[in-house]
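S.K.: One structure is given below, represented as structure tokens, and several questions about it will come after.
The values are calculated or read from the model by the stated rules, or taken from the named source; none is laboratory data. Owing to the predicted nature of the structure, the values given are computational and were not obtained by experimental measurement. Backbone-built Cβ (ideal geometry, glycine too); neighbour counts: all protein chains shown. Side chains included, ligands, DNA and RNA excluded: accessible areas come from the protein's heavy atoms. Shrake-Rupley method; radii C 1.70, N 1.55, O 1.52, S 1.80 Å.
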Amino acid sequence: MITIDGSLGEGGGQILRTSLALSAITGTPVKIERIRARRPKPGLQRQHLVAVQAAARVCNGQLEGAELNSREITLTPQAPCAGTYAFDIGSAGSTTLVLQTILPILLCADGPSTVSIRGGTHNSMAPPVEFLQESFLPVLHRCGISATIELERHGFYPAGGGSIRATVQPWQVKAPLDLMDRGKAIGRHADVLLSNLPEHVASREAQAIKHGLHWSRDEVDEHEVKADGPGNAIIARLRHTNVTAVFTAFGELRKTAEQVALDCVKQLRRYAEGDAPVCEHLADQLLLPLALGAGGRFATQKPSEHTLTNAAIIAKFLGDVVTVVEQDGLSLITVQGRTSSS
């Protein structure tokens, strides 16, 4: 059994998700202690509890300690198991983070799987569905991974009530990733999403995006979406031939529409002014698939604490397979995969 200290590095939920996936895939029992020790509300919240339960279910594993606010769990896995699964978080907790917990496991199953998850689809502490659809999954496709995700209903914080549906094929042919440059710029676009709020919120955000980025009217759209409660999000993307970078900002109480738009503008400008093809969020999420597949390399900005912590957890199961080297003002991350082909 491997014991993981949940207070390591950034001390958040990523430690839990990566540990669960690697336990299920390698067949190694894992005990995770001091779960989310560095968060304001440590222990398992609704989203994390469902992720734990989902991971156990898709590998026919046995769980100990899986209850709300628990700070220690043990998973004794069997083997990844394909099937049709449905999970309900019961709050606005992130559906995409639950999916990211079990996606690597289902890739190692012996058949296709379908997963439906209810909860939050757009909140500030997790990647929105568009990030997975347009940035994450297309890069994984280059590694031989076949998976899709569909947004069935929007779910904003705090009401939740959204739903996603994913299909996952078993990972058969594994290819290494080489993502060292963005390639040619081929498009840019932003969507302002609004639910159960005055229309002027979206129009003010759209205007601020166009003004702040010098984008045309055709490059920014406003959408009224159906959701259980009020919600507001901006999804902006820069498309290149080799990668699409997706940036998000979310409406909050006591935060003006212009402030929300400026938050998104700053993120996009920071990326556009650099040369790294992989943003910090994508860098964090590529480590595990590359380590499980044929490996590869990519260039990014200075790695976040999230990324470095994720590398440290992967090392507990697979050894020191992730290396980070500073080169020409960028960070070159190389990942040694488990196999070069299969």
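S.K.: Mind ranking Cys81, Cys264 by accessible surface for me, highest first, 1.4 Å probe?
M.R.: My answer, sorted largest first, is Cys81, Cys264.
S.K.: Rounded to the nearest 500 deg cm²/dmol, what is the calculated helix-only ellipticity per residue at 222 nm for the chain, with -39500 (n - 2.57) per DSSP H run of length n ≥ 4?
M.R.: -9500 deg cm²/dmol
S.K.: According to the square roots a ≥ b ≥ c of the eigenvalues of the Cα gyration tensor, what is the shape class of the stretch 169-218, taking rounded for a/c under 1.5, prolate for a/b larger than b/c otherwise, and oblate for the remainder?
M.R.: The shape class here is oblate.
S.K.: A follow-up question, please. What figure, in Å² to the nearest 10, do you get for the accessible area of His214 with a 1.4 Å probe and non-protein molecules left out?
M.R.: 150
S.K.: Taking the structure as given and computing Kirkwood radius over Cα pairs in Å, which label from (1) 23.1; (2) 21.1; (3) 20.4 fits?
M.R.: It is the one labelled (3).
S.K.: Top to bottom by accessible area (1.4 Å), largest first, where do Ser124, Ser195, Ser203, Ser304 land? Write down the numbers at each step before the final one.
M.R.: Details: Ser124 75, Ser195 0, Ser203 50, Ser304 20 Å².
Largest accessible area first, the list is Ser124, Ser203, Ser304, Ser195.
S.K.: Round to the nearest 10 and report in Å² the accessible area of Asp88, as given by a 1.4 Å probe over the protein chains' heavy atoms.
M.R.: 90
S.K.: Just want the answer: with Cβ charges of +1 for Lys and Arg and -1 for Asp and Glu, which residue in Val52, Ser91, Leu63 is farthest toward the dipole's positive end in the stretch 1-108?
M.R.: Ser91
S.K.: Could you work out how much longer the chain between Arg165 and His141 gets when fully extended? Use 0.36 nm per residue separation minus the Cα distance between them, nm to one decimal.
M.R.: 6.8 nm
S.K.: Next question. Around Tyr85, what is the net charge, scoring Lys/Arg as +1 and Asp/Glu as -1 over all other residues with Cβ under 14 Å from its Cβ?
M.R.: Values: positive: Arg57, Arg118, Arg165; negative: Asp88.
For residues surrounding Tyr85, the net value is +2.
S.K.: Rounded to the nearest 10 Å², what accessible area does Thr76 have for a 1.4 Å probe in the complete protein model?
M.R.: Accessible area, nearest 10 Å²: 50 Å².
S.K.: Something else: Suppose accessible area is computed on protein heavy atoms with a 1.4 Å probe; arrange Arg71, Arg204 from highest to lowest.
M.R.: Arg71, Arg204
S.K.: Taking a ≥ b ≥ c as the square roots of the Cα gyration tensor eigenvalues, with a/c under 1.5 meaning rounded and otherwise prolate when a/b beats b/c, else oblate, which class fits the stretch 81-139? All intermediate terms of the calculation are to be shown ahead of the outcome.
M.R.: Numbers: a/c = 2.58, a/b = 1.31, b/c = 1.96.
Oblate.
S.K.: Same structure again: Which whole-number value in Å³ per residue fits the convex hull of the alpha carbons of the stretch 131-287?
M.R.: In the stretch 131-287, the Cα hull volume divided by residue count equals 120 Å³.
S.K.: Something else about it: So which of Lys226/Lys255; Lys184/Lys302; Lys266/Lys316; Lys41/Lys302; Lys31/Lys266 end up more than 30 Å apart, counting from Cα to Cα? Don't skip to the end; give the middle numbers.
M.R.: Numbers: Lys226/Lys255 22 Å; Lys184/Lys302 23 Å; Lys266/Lys316 36 Å; Lys41/Lys302 28 Å; Lys31/Lys266 40 Å.
Over 30 Å Cα-Cα: Lys266/Lys316; Lys31/Lys266.
S.K.: Computed FRET efficiency, Cβ-Cβ of Asn69 and Arg153, R0 25 Å: what is it to the nearest 0.05?
M.R.: Result of the calculation: an efficiency of 0.30.
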